[in-house]
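Participant: What follows is a structure written as structure tokens; I'll ask about it next.
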Amino acid sequence: SIGKIIKLKSPVTILELGKREAYELKEGDRVTEGSSILTQEKSFAIVLFDDGHKLTITPNSKIVITQVKENQPDVVQLLMGKIRASVKPDQDKKAEKFFIKTRSAAMGVRGTEFQAGFNPENKITTLLTFSGKVAMNKVDEKKEPVENKEKIVEQLKEVLHAPSAVETK
């Protein structure tokens, strides 16, 4: 368990890693690493991670919580739709605390509030930073797959520290 649902408007479903069937979430339900969360047209969910980060999953969105490890940044894949996140900064202002990955981009967050979106039809990723900074870089899935679970943080850091990466304030 890596966090819990603190607010939602139904229906929101979750498919946990290793399970065959999704079920509907309720407020207070715990969320586990590897879970896929899907919101419908008029639904949303707010996940409060145990490390204090807050993630709002907007209507018509799908995410996968790829990795949450102690002393490592959280990694969330945005497969469709939009999310809004509030990431708590800490003493090490230069280290990413949270990563967002879409099929076309990677984003690294140090401590900020932002919104990210992904349209699977045209593979366009959008980013809106409300406060703080978010590093972003294009990901070419054909050349640089970022999916090796054991090395995903290192791969994302490499992509986001490349000369082509931009930082939005």
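Participant: Which residue, of T66, T126, is of a type in the set (S, T, N, Q) and either at pLDDT 95 or above or more than 11 Å from the chain's Cα centre (by Cα) (or both)?
Facilitator: After applying the criteria, what remains is T126.
Participant: Would you mind finding the one in I63, I14 that is touching a Ser or Thr at 6+ places or on another chain (Cβ under 8 Å), part of a strand (DSSP E or B), more than 26 Å from K133 (Cα to Cα) and in contact (Cβ under 8 Å) with a residue 12 or more places away in the chain?
Facilitator: The conditions single out I14.
Participant: Which residues, counting only those in the stretch 4-22, are open to solvent by less than 90 Å² (accessible area, probe 1.4 Å) and either under 19 Å from T66 (Cβ atoms) or of a type outside the set (G, A, S) (or both)?
Facilitator: Passing the criteria: K4, I5, I6, L8, P11, V12, T13, I14, L15, E16, G18, A22.
Participant: Just one of R20, R30 is out of contact with any Pro (no Cβ under 9 Å at 6 or more places or on another chain), at pLDDT 95 or above and of a type in the set (K, R); which is it?
Facilitator: Among R20, R30, only R30 is out of contact with any Pro (no Cβ under 9 Å at 6 or more places or on another chain), at pLDDT 95 or above and of a type in the set (K, R).
Participant: Right, here's the next one. Quick one: how many residues across the stretch 37-50 are crowded, with 17+ Cβ neighbours inside 10 Å and without any contact (Cβ under 8 Å) to a residue 40 or more places away in the chain?
Facilitator: 4
Participant: Name the one entry in V139, V159, V134 that is within 20 Å of P73 (Cα to Cα) and modelled with pLDDT under 90.
Facilitator: Step by step, each of V139, V159, V134 is checked, and only V139 is within 20 Å of P73 (Cα to Cα) and modelled with pLDDT under 90.
Participant: Inside the stretch 57-95, can you point out the residues that are under 16 Å from K7 (Cβ atoms) and either among the charged types (D, E, K, R) or surrounded by fewer than 19 Cβ atoms within 10 Å (Cβ to Cβ) (or both)?
Facilitator: Result: T58, P59, R84.
Participant: A further question follows. Scan (1) at pLDDT 90 or above; (2) under 16 Å from the mean Cα position of the chain (by Cα); (3) surrounded by fewer than 22 Cβ atoms within 10 Å (Cβ to Cβ) for the single condition V153 breaks and write down its number.
Facilitator: Condition (1) is where V153 drops out.
Participant: Then there's this: Could you please find all residues in the stretch 6-24 being farther than 18 Å from Q77 by Cα and under 18 Å from the mean Cα position of the chain (by Cα)?
Facilitator: I6, K7, L8, listed by residue number.
The values are calculated or read from the model by the stated rules, or taken from the named source; none is laboratory data. No experiment lies behind these values; they were computed from the predicted model shown. For neighbour counting, all protein chains shown are included, and Cβ atoms are generated from backbone atoms with ideal geometry for every residue, glycine included. These area figures cover heavy atoms from the full protein model, side chains too; ligands, DNA and RNA do not enter into them. Shrake-Rupley method; radii C 1.70, N 1.55, O 1.52, S 1.80 Å.
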